[in-house]
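Novice: Quick one: the structure is below, questions incoming.
Read-outs throughout are calculated quantities, based only on the coordinates presented, and are distinct from any laboratory measurement. All of these numbers come straight from a predicted model, not from anything done at the bench. FYI the Cβ positions are ideal-geometry reconstructions off the backbone, even for glycines, and counts take in every protein chain you see.
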């Protein structure tokens, strides 16, 4: 009799336990989406990048094969505009200005990929960059289209 009572109780409680597990897994998925640089609607946008980011740039300028190393401080306004200063050393030559200013625009796609175009006196032509936003907008992994160069940007202050 006791065994039968226990069996009926388990049959009554099991569906409720399944519902609780499914709901908790769904909540975990929402939390993980927010942690991956996504906003409440589950998508990235220009707002995902907002604030100051410090970058390290390394690579090669194609054609002449000059080595490129630099540091950059960029400010993303959350609306698609960038201001920056950079110190870029090309083939061992220091830049004419210690910190060269620049401006640009960016677009963040819903899947947290994006692109930007920068104009700076450090380079004669606009710089075209593609990137991936990671870690809830705390880091940006970049590649420069016109050179064999990459950059990693880290948000300066949380």
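Novice: Once you put a point 7 Å from the Cα of residue 103 and another 7 Å from the Cα of residue 79, both along the Cβ direction, what distance in nm separates them?
Specialist: Each label point lies 7 Å from its Cα, and together they span 1.3 nm.
Novice: Next up: Between residue 66 and residue 111, take the C-beta separation as r, use R0 = 41 Å, and let me know the FRET efficiency to the nearest 0.05.
Specialist: It comes to 0.75.
Novice: Can you give me the relative contact order of segment 46-155 as a percent, contacts being Cα pairs under 8 Å and 6 or more apart?
Specialist: 25 percent
Novice: Continuing with this model, one more query. Be a star and scan segment 64-78 for residues whose amide nitrogen sits under 19 Å from the point 7 Å along the Cα-to-Cβ vector of residue 157.
Specialist: Counting backbone N atoms under 19 Å from the label point, the list is 72-78.
Novice: Another question, then. Give the distance, in whole Å, between the Cα centre of segment 95-158 and the Cα centre of segment 49-81.
Specialist: 5 Å
Novice: Multiply the residue gap between residue 90 and residue 52 by 0.36 nm, knock off their C-alpha separation, and tell me the result in nm, one decimal place.
Specialist: So the extension gain works out to 11.2 nm.
Novice: Moving on to the next point. Could you sort 96-104, 145-153, 69-77 so that the peptide with the highest average Cβ count within 10 Å comes first and the rest follow in order?
Specialist: Descending packing order for the listed peptides: 69-77, 145-153, 96-104.
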